[in-house]
Amino acid sequence: MQINQLLESLRVEELEDMVIVYDLEAHCQRLLNSIEALSLRGANATWQSSLQDFILFIQNQIKNKVQYHFCKAVSFTNSSSALDCHALRARNDGLHKLQLIYSSNGDFEIIIKPYTRDLAKNWKVTILSPEEFRIDSKDPKWQHKFYPRLPMPHSHYPLCDEFIWCNEQGHVCEGSFTNIFFQNETDQWHTPHLDCGILPGTMRAKLIDKLDAREGFYTENDLGAKIVLVNSMFIKEVSLYRQA
């Protein structure tokens, strides 16, 4: 599969008098890494090569778009401080998703929309069998957030809110739009290693430090009773589900 577009999804919170955009630097770092690794700097690319120049270039575009969309002042912040006060708990109040779509010709598109997944409900999650879907951990494309995202088998699992996939070795990897953490009987947190063939999630990196989580190679049988899914939008505890 040839990758022609990349995607970054940023958390945006609308407050009464301002709008907060989270983790711009982390998203820019990942996006720029992918652009360089995949040689996708197209003819229309106008930013300079350094990360700080790239961040400033993207920040100006996002600020103009957000101000026009909400007609409010814009603030950029890091979610690390919010983790301490649980401000990123699973809730939809004022929550929006900003999609930054990069095309191989060097063009950007910015889309802002309310976040519509119901974060208040009790999510059910299933682990897909190798016959349903699996990835090749040696295929480098899984290390990049390409666009459009892959369709998942919702028709076979109508009650499920997210799907976890494994690699060719049977190791649990990640969800279709989340990274996975789990806690064992000693309260130690774990998350799949990047070498399983997974996306280096921005919130994943922060929670590894926050929870002192261990990265490893785990099968479905290794998962503990407490499972948490994370992405740039939320941190949410979930339950596993198997359709009879």
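Every condition in (1) of a type outside the set (Ser, Thr, Tyr); (2) touching a residue at least 60 places away in the same chain (Cβ under 8 Å); (3) more than 23 Å from PHE234 (Cβ to Cβ) is met by ASN167 except one, and the failing one is (2).
Residues that are touching a residue at least 24 places away in the same chain (Cβ under 8 Å), assigned to a loop (DSSP other than H, G, I, E, B) and basic (Lys, Arg): does the range 230-241 have at least one? No, the range 230-241 contains no residue that is touching a residue at least 24 places away in the same chain (Cβ under 8 Å), assigned to a loop (DSSP other than H, G, I, E, B) and basic (Lys, Arg).
Remark: pairs (first residue in the range 185-198, closer than 11 Å to LYS138 by Cα; second residue of a type in the set (Phe, Trp, Tyr); Cβ separation under 9 Å; 6+ apart in sequence or on different chains) = ASP195/PHE217; CYS196/TRP142; CYS196/PHE217; CYS196/TYR218; GLY197/TRP142; ILE198/TRP142. Flag: LEU10 matches the condition of being open to solvent by less than 60 Å² (accessible area, probe 1.4 Å) and either assigned to a loop (DSSP other than H, G, I, E, B) or in contact with a helix residue (DSSP H, G or I) (Cβ under 7 Å, 6 or more places away or on another chain) (or both). Residues in the range 23-55 that are of a type outside the set (S, T, N, Q) and surrounded by fewer than 14 Cβ atoms within 10 Å (Cβ to Cβ): GLU36, ALA37, ALA43, LEU51, ASP53. Applying the set (1) touching a residue at least 60 places away in the same chain (Cβ under 8 Å); (2) under 19 Å from GLY201 (Cβ atoms); (3) of a type in the set (D, E, K, R) to GLU14 leaves exactly one unmet item: (2). Of all residues in the range 178-187, those satisfying the criterion of being at pLDDT below 95 and under 16 Å from LYS210 (Cβ atoms) are GLN183, ASP187.
The values are calculated or read from the model by the stated rules, or taken from the named source; none is laboratory data. Nothing here was measured: the structure is a model prediction, and the numbers come from that model. Here Cβ is always computed from backbone atoms with ideal geometry, including for glycine, and neighbour counts include all displayed protein chains. These area figures cover heavy atoms from the full protein model, side chains too; ligands, DNA and RNA do not enter into them. Shrake-Rupley method; radii C 1.70, N 1.55, O 1.52, S 1.80 Å.
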